[in-house]
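The values are calculated or read from the model by the stated rules, or taken from the named source; none is laboratory data. If you're wondering where the values come from, they're calculated on a predicted model, not measured in any experiment. Heads up, the Cβs are rebuilt from the backbone with ideal geometry, glycines too, and the neighbour counts pull from every protein chain shown.
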Amino acid sequence: MGKIIDQKGRLFGKINVIDLIVVLAIPALILGFLYNRSLQRVQDIIRADTPIYITFVAEGVRQFTVDSVSVGDVLYRRDEPSHPLGTVISIDLSTHYSAEAATDGTVWRAPVEGFYNLYVVVAAQGTITGTGYFVGGTQQMSPGMRVPLQSNRISSTFSVRRVAESRP
């Protein structure tokens, strides 16, 4: 049997020692990073199982959609229909406006007859972390995101307007 490390720096004459160290170090670093991230997620929880109030808006909807949402309705995400998101606690409407332009380039907002902006406030149970609000475990809710919602009478896509611990 020959030397363990030969003159070219290879282990048993086959594997370069530097290459072996690099090959073993990369997976170790990746696993260490992932382990550290998992610990941070646990430590980031500020409050678990706490009331969270989410204001959703559906812009430019017709009266039929407005009539299909009631206080007390339970809403679900369309992609997770077996897990309730929360209960509707208030509904508000505003006139829907569209941008109109004149031939001279002037732009103004004009009301659109028969179309509304529907604001729905949902009370949900969730977790507050250092990175945001989570409802249903992994469903992060943040302003601006679009969420496909459904109830027993409606299925529509809403935008998150506000997420908070207090009622709007």
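Brief remarks follow.
- Any hit, segment 136-148, residues being free of Cβ contacts under 8 Å to residues at least 60 places away in the same chain and closer than 18 Å to V71 by Cα: no
- Segment 101-127: number of residues that are over 23 Å from R47 (Cβ atoms) and out of contact with any Phe, Trp or Tyr (no Cβ under 6 Å at 6 or more places or on another chain): 17
- On the stretch given as segment 126-151, residues that are exposed (fewer than 13 other Cβ atoms within 10 Å of the Cβ) and either at pLDDT below 90 or part of a strand (DSSP E or B) (or both) total 5.
- Residues of segment 17-35 include none that is in a loop (DSSP other than H, G, I, E, B), closer than 30 Å to I128 by Cβ, modelled with pLDDT of 80 or more and more than 23 Å from the chain's Cα centre (by Cα).
- Every pair of residues 6+ apart whose Cβ atoms lie under 6 Å, when the first sits in segment 74-97 and is over 15 Å from V57 (Cα atoms) while the second is among the aromatic types (F, W, Y): P84/Y76; L85/Y76
- Out of I54, I89, one residue alone is under 17 Å from Q140 (Cβ atoms) and outside any loop (DSSP other than H, G, I, E, B). It is I54.
- Residue match in segment 89-99 (condition: in contact with a strand residue (DSSP E or B) (Cβ under 6 Å, 6 or more places away or on another chain), closer than 26 Å to A48 by Cβ and surrounded by 12 or more Cβ atoms within 10 Å (Cβ to Cβ)): yes
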